[in-house]
Each structure stands twice: as C-alpha cells, then as structure tokens.
Amino acid sequence: LRPSAGLPTLQWSLLLALAAAAGHLVQRYSGLPKVVGYSVVGTFAGLAGFSGAVWPLQGIGLFLLELAVAVVLFEAGGRIPLRWFR
C-alpha cells in the first residue's frame, strides 16, 4: 500500500505528530519546556535509524523552511530571558 503523498512524507508526518504529542505531555506532566519532548523523540528516532528516510522537501521549499526556522529561532533567542536557563 503506497500513500499518495509518498511513504517518506507519511513517515515524517507521523514523526512530527509523535514529537508534538510528546512535547505536550512533557510540558503538562513535568513542567519542562516542550522542546525537551521534541528532543527525546528526535533522539530515539535517530537511534532507531530513521535518518534513512528521505526529507520530502527539495529546492526552494527546503530553503523557505530553513529560512522560516532561522527567523523563529532568532526571535526566540531575543525574547527568552537568560534567567530562564538557570
């Protein structure tokens, strides 16, 4: 059975959904930032060998995604107080 969007797209979608759910649960039950849950899911996916899946974006779409992530990280870096890291 082959999904219409392709198997790599389905795999990435499921991984992102799992990371979002883990981030929500980590924040809700432990009070830690959601990024901790995202990192845990990413670590387990990498250790399980998920790196072999092809990233579905190429060319200009990939460039725009990387640019958007860079802008979000830049804005977050300017807004997060340094005391939060303690």
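Data table
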{"read-out": "Residue match in segment 6-28 (condition: open to solvent by 80 Å² or more (accessible area, probe 1.4 Å), at pLDDT 85 or above, part of a loop (DSSP other than H, G, I, E, B) and out of contact with any His (no Cβ under 9 Å at 6 or more places or on another chain))", "value": "no"}
{"read-out": "Residues of segment 38-47 that turn out to be at pLDDT 90 or above and open to solvent by less than 50 Å² (accessible area, probe 1.4 Å), as a count", "value": "1"}
{"read-out": "Selection count, segment 48-70, where residues are modelled with pLDDT of 85 or more, aliphatic (A, V, I, L, M) and open to solvent by 80 Å² or more (accessible area, probe 1.4 Å)", "value": "3"}
{"read-out": "Near pairs, Cβ below 8 angstrom, 6+ apart or cross-chain, from segment 56-84 (under 17 Å from Trp12 (Cβ atoms)) to any residue that is assigned to a loop (DSSP other than H, G, I, E, B)", "value": "Pro56/Ala5; Pro56/Gly6; Leu62/Trp55; Leu65/Leu57"}
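The values are calculated or read from the model by the stated rules, or taken from the named source; none is laboratory data. Remember, predicted model here, so these are calculated numbers, not experimental data. For neighbour counting, all protein chains shown are included, and Cβ atoms are generated from backbone atoms with ideal geometry for every residue, glycine included. Note: accessible area is taken over every heavy atom of the protein model, side chains too, but ligands, DNA and RNA are not part of it. Shrake-Rupley method; radii C 1.70, N 1.55, O 1.52, S 1.80 Å.
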